[in-house]
Amino acid sequence: MGVKEDIILANSVSAGDSKTCELFVDNYTDLVLSTVWKLSKTHCNYPARERVCSLVILQKQRKGPIYFTEDQCDECMDSYIWFFDFLKKKIKSYEGRNNCTLKTFVWSVVNSHSTYIEWLRWKYGRAY
């Protein structure tokens, strides 16, 4: 996919097209998951032995249908959802400048310090 197609995809996502949003989430879930994994190592309040992390379940379900009946911890999944909501707001500014692909744009937003600060404020409140 080229930059022109990326711009069309970004515009459709920011317009709220449900099929395009599903495609966007599917394409960038692994990238967002890796960031949330890193953050959850130091910011998740629940020990792994008490509940199965919903990120583990999501990662395994992407490889095929797997069902869990154990108690699940949704704290990390809340962060995963927050990142995609945040990306939906940020994607409006994607223009493909200097042949920047949407993947590069998403990576830079997800891994930026300002996004990290916004996430901390969302998670712990404005005082952070």
TODO: Could you check Thr20 against (1) modelled with pLDDT under 95; (2) of a type in the set (Ser, Thr, Tyr); (3) assigned to a helix (DSSP H, G or I) and say which number it fails?
DONE: (1)
TODO: Quick one: Cys73 ticks every box in (1) hydrophobic (A, V, I, L, M, F, W, C); (2) surrounded by fewer than 19 Cβ atoms within 10 Å (Cβ to Cβ); (3) modelled with pLDDT under 95 except a single one, so which number is it?
DONE: (2)
Open item on the list: Going by what's in this entry, would Lys38 be described as out of contact with any Ser or Thr (no Cβ under 7 Å at 6 or more places or on another chain) and modelled with pLDDT under 80?
Closed with: no
- [ ] Scan the range 82-107 residue by residue and report those that are loosely packed, with under 13 Cβ neighbours inside 10 Å and within 12 Å of the chain's Cα centre (by Cα).
- [x] Asp85
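The values are calculated or read from the model by the stated rules, or taken from the named source; none is laboratory data. As the structure is a prediction and not an experimental result, all values here were calculated from the model. Glycine also receives a Cβ, built like all others from the backbone with ideal geometry; neighbour counts cover every protein chain displayed.
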